[in-house]
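Worksheet: one structure, shown below.
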There are 2 protein chains.
Amino acid sequence: MKTINLTEKLAQITTHWDPHVIGDYNDNEVMVVKFAGEFPYHLHEDTDDFFLVLSGEMTMDIDTHSHTVKAGELFIVPRGVTHRPRAVDECHVLLIEPVGTPNTGDAETASAKPRI
Amino acid sequence: MKTINLTEKLAQITTHWDPHVIGDYNDNEVMVVKFAGEFPYHLHEDTDDFFLVLSGEMTMDIDTHSHTVKAGELFIVPRGVTHRPRAVDECHVLLIEPVGTPNTGDAETASAKPRI
């Protein structure tokens with residue numbers, strides 16, 4: 001049980017689209033991740049997807065709509081909704097997902113989610 | 001489905017220790033709250049407690065240990081652990097709790113958690 005500094009955790013990450021677990025909460029994993037460029041369109045059939053932008057700015061594409069999400073802003077994608085996060089410049093994001101949720105929506109292509 | 005600005009939500013809150021729901025995530029409520037002063041010691045028998053400090057600084061008292069948690073820092077209190085958040089100056093915090101979790105650990109004394 002200890003204080004977790006998000007900036008210190010992010011400083012350990014050198015890759016993009018590669019969530020790293022920093023804490024556990026009610027069978028969910030709390031993660032930080034760096035976004036840059038485009039992630040593939042995907043969906044999670046059974047779980048909502050939580051994004052809190054910590055620094056920078058991302059775009060969340062939902063069908064034909066694009067939502068800008070800046071530092072200090074939250075976006076929750078409901079289960080079953082196809083979406084694509086992207087970021088022109090590097091953007092830092094806090095994610096929360098139930099344990100075992102593949103970040104791509106597909107266990108075959110999902111990130112390993114190392115713990116830092 | 002829309003971008004949620006935490007500062008704009010916090011500007012609507014005029015009370016302390018009074019979480020307001022700003023979003024829903026996998027049967028959890030995402031809330032913002034203003035802390036100032038001391039909350040009572042309490043515990044949640046079945047749920048972990050998630051605190052992300054957005055601005056200012058809080059102290060989390062756990063038994064005889066006190067943890068300082070500043071803006072950009074996270075603290076997760078595991079289920080069953082008695083704790084007390086407090087803040088000398090006003091502090092803004094993001095909370096996530098399973099729907100129906102009483103913030104005091106006791107439904108009789110819990111906040112109503114209005115939605116904003």
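Laboratory data are not the source of any read-out in this text; all were calculated from the coordinates shown. This structure is a prediction, so every number in the text was calculated from the model and none was measured. Glycine gets a Cβ as well: all are built from the backbone with ideal geometry, and neighbour counts include every protein chain shown.
Is at least one residue of segment B:99-113 under 25 Å from A:D27 (Cβ atoms), within 11 Å of the chain's Cα centre (by Cα), outside any loop (DSSP other than H, G, I, E, B) and not aliphatic (A, V, I, L, M)?
no
Of all residues in segment A:35-54, how many are in a loop (DSSP other than H, G, I, E, B) and over 19 Å from A:S66 (Cβ atoms)?
Residues flagged as in a loop (DSSP other than H, G, I, E, B) and over 19 Å from A:S66 (Cβ atoms) within segment A:35-54 amount to 5.
When only residues in segment B:75-98 that are in contact with a strand residue (DSSP E or B) (Cβ under 7 Å, 6 or more places away or on another chain) and closer than 19 Å to B:N26 by Cβ count, which is surrounded by the most Cβ atoms within 10 Å (Cβ to Cβ)?
B:I96
State the number of residues belonging to segment A:23-39 that are in contact with a Lys or Arg (Cβ under 7 Å, 6 or more places away or on another chain) and within 15 Å of A:R84 (Cα to Cα).
3
Inside segment A:4-18, can you point out the residues that are surrounded by fewer than 18 Cβ atoms within 10 Å (Cβ to Cβ) and closer than 12 Å to A:L95 by Cβ?
Scanning segment A:4-18 gives A:W17, A:D18.
What do you reckon, is B:D24 assigned to a strand (DSSP E or B) and closer than 20 Å to A:V69 by Cβ?
Here the answer is yes, as B:D24 does meet what is asked.
Out of (1) more than 9 Å from chain A (Cβ to nearest Cβ); (2) farther than 18 Å from B:V99 by Cβ; (3) touching a strand residue (DSSP E or B) at 6+ places or on another chain (Cβ under 9 Å), the odd one out for B:A11 is which?
Tallying (1) more than 9 Å from chain A (Cβ to nearest Cβ); (2) farther than 18 Å from B:V99 by Cβ; (3) touching a strand residue (DSSP E or B) at 6+ places or on another chain (Cβ under 9 Å), B:A11 fails exactly one: (3).
Counting only residues that are facing chain B (nearest Cβ under 9 Å) and among the hydroxyl-bearing types (S, T, Y), which one in segment A:25-60 is farthest from the chain's Cα centre (by Cα)?
A:Y25
Please enumerate the residues belonging to segment B:19-32 that are buried (at least 16 other Cβ atoms within 10 Å of the Cβ) and either in contact with a His (Cβ under 7 Å, 6 or more places away or on another chain) or acidic (D, E) (or both).
The answer is B:E29, B:M31, B:V32.
Hey, does segment B:67-74 have a residue that's more than 29 Å from A:V81 (Cβ to Cβ), among the charged types (D, E, K, R), within 14 Å of chain A (Cβ to nearest Cβ) and crowded, with 16+ Cβ neighbours inside 10 Å?
The answer is yes; a qualifying residue exists.
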